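Trainee: Before I ask anything, let me first share the structure, which is written out below as structure tokens.
The values are calculated or read from the model by the stated rules, or taken from the named source; none is laboratory data. Predicted model, so just to flag it, every value in this text is computed and none were measured. Cβ placement follows ideal geometry from the backbone for every residue including glycine, while neighbour counts extend to all protein chains displayed. When the accessible area is computed, the model is the full protein with side chains, heavy atoms only, and any ligands, DNA or RNA have been set aside. Shrake-Rupley method; radii C 1.70, N 1.55, O 1.52, S 1.80 Å.
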Amino acid sequence: QVQLVESGGGLVQPGGSLRLSCAPSGSIFSINDMGWYRQVPGKERELVATISRFGMSNYAEFVKGRFTISRDNARSTVYLQMNSLKPEDTAVYFCNVRANSGGYWGQGTQVTVSS
């Protein structure tokens, strides 16, 4: 079973930056959309950003101008560059891949923004 492996989370001060990465543990063919979601305890998982296989991106309003999603199709990897982080960005971040074979989720990586 192929799994998505996320990395790059951690503790950062307000105004700081982090870069999340997500890559599959094996091969996933015919990947379409890739994206990042986040979740805090007691709330539903929410969309942060998505990117199509053609490179078209979509962002939640609360991250526009601060976060940038990108992908490396050769490595089936998706990235999330997070700048100007705020305490309210604290959450577990999950990557998501949609392929012809189905959908995949990562295990989540904790991002904590605190002074």
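Trainee: State whether the residues of the stretch 40-47 include one that is open to solvent by less than 30 Å² (accessible area, probe 1.4 Å) and touching a strand residue (DSSP E or B) at 6+ places or on another chain (Cβ under 6 Å). Give the derivation first.
Mentor: Taking the stretch 40-47 as the starting set, the residues that turn out to be open to solvent by less than 30 Å² (accessible area, probe 1.4 Å) are none.
Looking for residues that are open to solvent by less than 30 Å² (accessible area, probe 1.4 Å) and touching a strand residue (DSSP E or B) at 6+ places or on another chain (Cβ under 6 Å), one finds none in the stretch 40-47, hence no.
Trainee: Out of all the residues in the stretch 31-52, which are without any contact (Cβ under 8 Å) to a residue 24 or more places away in the chain and farther than 18 Å from N100 by Cβ?
Mentor: P41, G42, K43, E44, E46, L47
Trainee: Which of the following residues is open to solvent by 30 Å² or more (accessible area, probe 1.4 Å), in contact (Cβ under 8 Å) with a residue 40 or more places away in the chain and not aromatic (F, W, Y): G16, G9, G55?
Mentor: Matching residue, one of G16, G9, G55: G9.
Trainee: So how many residues does the stretch 62-109 have that are aromatic (F, W, Y), within 13 Å of V12 (Cβ to Cβ) and either open to solvent by 40 Å² or more (accessible area, probe 1.4 Å) or out of contact with any Gly (no Cβ under 7 Å at 6 or more places or on another chain) (or both)?
Mentor: Start the filter on the stretch 62-109 by keeping residues that are aromatic (F, W, Y), which leaves 62, 67, 79, 93-94, 104-105.
Next cut, within 13 Å of V12 (Cβ to Cβ) only: 93.
Cutting the leftovers down to either open to solvent by 40 Å² or more (accessible area, probe 1.4 Å) or out of contact with any Gly (no Cβ under 7 Å at 6 or more places or on another chain) (or both) gives us none.
Counting residues in the stretch 62-109 that are aromatic (F, W, Y), within 13 Å of V12 (Cβ to Cβ) and either open to solvent by 40 Å² or more (accessible area, probe 1.4 Å) or out of contact with any Gly (no Cβ under 7 Å at 6 or more places or on another chain) (or both) gives 0.
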